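*Asks:* Would you mind keeping the following structure in view while I ask a few things?
The values are calculated or read from the model by the stated rules, or taken from the named source; none is laboratory data. Everything numeric here is computed off the predicted structure, so don't read it as measured data. Note that we place each Cβ from the backbone using ideal geometry, even for glycine, and neighbour counts take in every protein chain shown. Side chains are part of the model used for accessible areas, which takes the heavy atoms of the whole protein and leaves out ligands, DNA and RNA. Shrake-Rupley method; radii C 1.70, N 1.55, O 1.52, S 1.80 Å.
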Amino acid sequence: MEIFFKKTKHYTKVYKMLLRLNFARLLAYRADLVNSTIAHTIWASFTIVQMLLLTSKTSHIFGWSRNELLILAGMYNIIYSFFYMFFSRGFNQFSTTINFGRLDGILTKPIDSQFLMTCLNITYTHLIRLIWGVGFLAYVLFTMRVIVTPLVLLGFIVLVVFSVMIIYSFWMLIMTLTIWFPKLSNLADLLYQINQISKFPQEIYKGASLYLLILLFPLTVVIVTPAKEILQKVLVGDVIGFIACALMLFIVSRRFWRFALRFYTSASG
Amino acid sequence: MRNLKIILLQFQEVIEDRSRIFVWFLLGIITPLIMILFWRGASHIPGWTSNEITSYYLLAIIINAIIMCQQEEHVGTIDIQEGGLSSYLLKPFSYFWLIFFNELAYRLLQGILGILLLVVFVGFFPGLFAFAKSPDVLFLSVIIAIVAFLLTFIFKMIIGILAFWLTETRGAFEATNVMIVIFSGLLMPLAFLPSWLEQIVSKMPFAYMIYFPVIAFEGKLTVLELWQVLFMEFFWLGICLLIYKKLWQEGIKQYTAVGQ
């Protein structure tokens, strides 16, 4: 237990330093700051415009009303903004880090390799996406006259944390494959596209292949479950299953990374 | 002979990259597949049956794979911003045509994957597809698809060479991608948009990149309408070509590269 607390303290200290360094980098490259902010605004508004257009000629999709679908769009921006802000840049660099043998340097450091591969870069500009998401969600909830109590809000925040954990673990599982296929530099691009699955109700995937459904199941719940929580439609069983799924995926992804490292052959391999 | 060798070299280069090309292909099919599943849950859409919607998106996957060029990032970032253009300028061959043949090779390879996917789907669900049956319509549809490829190529070249003036191009590329996804018909058939928006979008060049080629192959257009589409495609092609030429002439004067 003492070792656990010591490690937690050590990693908290390192992460605080990373937060500071990344903030300094954000201010150092101002053109990139402006450019990234524009790009993230475009994608945040795209998610909302996309749902507005898709629902312009139909009032219900698989029993979900237009407003409920718009809530999913707002949620998508909120939850993915956290994931993109804290982890996606690290995942983007997976292939080049492994392909050019830079993982050697990471493995020799006295810090966990998974932590260094995924948590080193923080992209603060994704905050704009969070602002869009929160603003839009608040607007839709207001028009639907949904009252969010502090308890519901607390439950929502907890579920958002586990949603991000599921997305992180899913990405980790897939990106670990670059240890065997380091030239697949566009694997992260594929995952960005696959993330889209989350912004639609789970019901639409019922007709899809069973294998595909099992593989993509985690992503079909990451937005829907917190959305149901905020609409006060979530069941206790759903929440328990959701949290169990998040923890299990995290453990599996971590073990898979450690297993994969045995096959890492550096740049000369 | 020289041109043929250059084309073959580009093909060689592209085939070397086949695993990444497969991932790029997968990338292009995700949105249409999600949309097929999405519309299955929608109430009735006037003028479109469920099979027609599925058929639309599957054809959109293939047309997108064959037609939608993706060279703008390479042109803007690697060639113009990082200075790769210098080596091309010294070669006795036009930079424009080199990029064109490279993109042609990519499109053909991705198109083969798209056609394989179509064959699989037609094999499993033969009644699902609505294709044009008249030879006249099919012939005109092929011409429309070829002109659409030229249009997307020149349009993406224009976006790429904006890097002569922009120090950061990501915002411009992202904005273009979003506009193409929404207005080209990749997200949804333009007929599903609110009517006022459909009227505007159907006059824009994006609609001639995916939407009109797809509905042409589906047999949703009469011969007269096909000629109108072709006319509009040539109109936008001419405009884009003029803009490209002007921008290239001005941009190349701006271009600087350093080396030791």
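*Asks:* Name the long-range amide H neighbours of A:His60: under 5 Å, sequence gap of 5 or more, or other chain; modelled H, no Pro or chain starts.
*Replies:* Result for A:His60 returns B:Ser43.
*Asks:* So for the pair B:Lys246, B:Thr167, with labels modelled 7 Å out along Cα→Cβ, what separation do we get in nm?
*Replies:* 2.7 nm
*Asks:* In cubic angstrom, how much convex hull volume per residue do the alpha carbon atoms of segment A:67-181 span?
*Replies:* 112 Å³
*Asks:* I would also like to ask the following. Under a point-charge model restricted to the Cβ atoms of Lys and Arg (+1) and Asp and Glu (-1), what is the dipole moment magnitude of the protein assembly as shown relative to its Cα centre, in debye to the nearest 20?
*Replies:* 1340 debye
*Asks:* With a 1.4 Å probe on protein heavy atoms only, tell me which residues of segment B:157-186 lose at least 30 Å² of accessible surface in the complex relative to the chain by itself.
*Replies:* Those are B:Glu168, B:Arg170, B:Gly171, B:Glu174, B:Val178, B:Ile182, which lose 30 Å² or more relative to the chain on its own.
*Asks:* With viscosity set to 1.567 mPa s at 4 °C, what whole-number translational diffusion coefficient in µm²/s follows for segment A:124-168 from Stokes-Einstein and a Kirkwood radius over Cα pairs?
*Replies:* 108 µm²/s
*Asks:* At A:Arg102 and A:Arg20, where each label point lies 7 Å from the Cα along Cα→Cβ, what is the point-to-point distance in nanometres?
*Replies:* Each label point lies 7 Å from its Cα, and together they span 2.4 nm.
*Asks:* Now, a different point. Among B:Gln71, B:Gln81, B:Gln199, which one shows the biggest mean-square fluctuation in a GNM of chain B, springs joining Cα atoms closer than 10 Å?
*Replies:* Looking only at B:Gln71, B:Gln81, B:Gln199, the largest GNM fluctuation is found for B:Gln199.
*Asks:* Take the Cα pairs of segment B:112-260, get the Kirkwood Rh, then feed it into Stokes-Einstein at 37 °C and 0.692 mPa s and tell me D in µm²/s.
*Replies:* Value of D from the Cα-based Kirkwood radius: 189 µm²/s.
*Asks:* Evaluate the charge dipole of segment A:2-261 about its Cα centre and quote only its size in Debye, nearest 20, assuming +1 on the Cβ of each Lys and Arg and -1 on the Cβ of each Asp and Glu.
*Replies:* Charge dipole of segment A:2-261: 520 debye, to the nearest 20.
*Asks:* Roughly speaking, to the nearest percent, how much of chain A's 1.4 Å accessible area is carbon and sulfur?
*Replies:* Carbon and sulfur atoms account for 71 percent of the accessible area of chain A.
*Asks:* When N is the residue count of the protein assembly as shown, what does its C-alpha Rg come to as a fraction of 2.2 N^0.38 Å?
*Replies:* This ratio for the protein assembly as shown stands at 1.02.
*Asks:* Still on this structure: Computing the accessible area with a 1.4 Å probe over protein heavy atoms, can you report the carbon and sulfur percentage for segment B:2-254?
*Replies:* Of the solvent-accessible surface of segment B:2-254, carbon and sulfur hold 70 percent.
*Asks:* Same structure, new question: Given the rule -39500 (n - 2.57) for each run of at least 4 DSSP H residues, summed and divided by the residues of chain A, what is its mean residue ellipticity at 222 nm, to the nearest 500 deg cm²/dmol?
*Replies:* Computed mean residue ellipticity for chain A: -22500 deg cm²/dmol.
*Asks:* List, by residue number, every residue in segment A:40-75 with a reduction of 20 Å² or greater in accessible area between the chain on its own and the complete protein assembly, 1.4 Å probe.
*Replies:* A:Ile42, A:Trp43, A:Phe46, A:Gln50, A:Leu53, A:Leu54, A:Ser56, A:Lys57, A:Thr58, A:Ile61, A:Phe62
*Asks:* OK, next. With axes computed from alpha carbons, what is the tilt in degrees of helix B:2-16 against the longest principal axis of chain B, rounded to the nearest 10 within 0 to 90?
*Replies:* In chain B, helix B:2-16 runs at an angle near 70 degrees to the longest axis.
*Asks:* In addition: Convert each backbone phi in segment A:57-68 into a coupling constant with the Karplus relation 6.51 cos²θ - 1.76 cosθ + 1.60 (shift: θ = phi - 60°), then list the ³J(HN,Hα) values in order as whole Hz, x for Gly and Pro.
*Replies:* 10, 9, 8, 9, 10, 6, x, 8, 6, 4, 4, 5
*Asks:* Same structure again: Which value, in Å² rounded to 10, gives the accessible area of B:Tyr88 with a 1.4 Å probe and all protein chains present?
*Replies:* 60 Å²
*Asks:* Let me ask something else. So for segment A:2-261, what are the equivalent ellipsoid semi-axes in whole Å, largest first, each being the square root of 5 times an eigenvalue of the Cα gyration tensor?
*Replies:* 31, 21, 20
*Asks:* Quick one: P(r) of segment B:2-254 from all Cα-Cα pairs, 10 Å bins, percents rounded to integers, in order of increasing distance.
*Replies:* In whole percents, the pair-distance histogram is 7, 29, 36, 21, 7, 1.
*Asks:* With the other protein chains left in place, how much accessible area per residue, in square angstrom, belongs to segment B:51-143 at a 1.4 angstrom probe?
*Replies:* On a per-residue basis, 47 Å².
*Asks:* From the residues A:Ser45, A:Gly90, A:Ile147, which one has its Cα farthest along the dipole of segment A:2-261 in the positive direction, the dipole being from +1 and -1 charges on Cβ of Lys/Arg and Asp/Glu about the Cα centre?
*Replies:* After comparing all options, I get A:Gly90.
*Asks:* For segment B:1-102, give the magnitude of the charge dipole about the Cα centre (Cβ charges: +1 Lys/Arg, -1 Asp/Glu; no others), in debye to the nearest 20.
*Replies:* Around 260 debye, computed over segment B:1-102.
*Asks:* Still on this model: Read phi for every residue in segment B:132-137 and hand back ³J(HN,Hα) as whole Hz from Karplus 6.51 cos²θ - 1.76 cosθ + 1.60, θ = phi - 60°, with x for Gly and Pro.
*Replies:* 5, 9, 6, x, 4, 5
*Asks:* For segment B:25-46, state which residues have at least 50 Å² less accessible area in the presence of all protein chains than in their chain by itself, taking the probe as 1.4 Å and leaving out ligands, DNA and RNA.
*Replies:* In segment B:25-46, residues shielded by partner chains: B:Leu27, B:Ile30, B:Ile34, B:Leu37, B:Phe38, B:Gly41.
*Asks:* Report A:Val236's accessible area, 1.4 Å probe, all protein chains in place, as a number in Å² to the nearest 10.
*Replies:* The value for A:Val236 is about 110 Å².
*Asks:* Percent relative contact order of chain B, based on C-alpha pairs within less than 8 angstrom and at least six residues apart?
*Replies:* 27 percent
*Asks:* What shape does segment B:4-96 take by its C-alpha gyration tensor, where a ≥ b ≥ c are the square roots of the eigenvalues and a/c under 1.5 counts as rounded, a/b above b/c as prolate, and the rest as oblate?
*Replies:* It is prolate, given that a/c is not under 1.5 and a/b is the larger ratio.
*Asks:* Let me cross-check B:Glu72: its accessible surface, 1.4 Å probe, with only protein heavy atoms counted, in Å² to the nearest 10?
*Replies:* Spelled out: B:Glu72, probe radius 1.4 Å, area about 10 Å².
*Asks:* Provide the per residue accessible area, probe 1.4 Å, for segment A:44-185, rounded to a whole number of square angstrom.
*Replies:* Heavy-atom SASA per residue in segment A:44-185 reads 40 Å².
*Asks:* Here is a follow-up. I need to check one value: relative contact order of chain A, counting alpha carbon pairs closer than 8 Å and at least 6 residues apart, in percent.
*Replies:* 26 percent
*Asks:* What does the buried accessible surface come to for A and B, summed over both chains, with the probe at 1.4 Å? Round to 100 Å².
*Replies:* Roughly 3200 Å² of accessible surface disappears when A and B pair.
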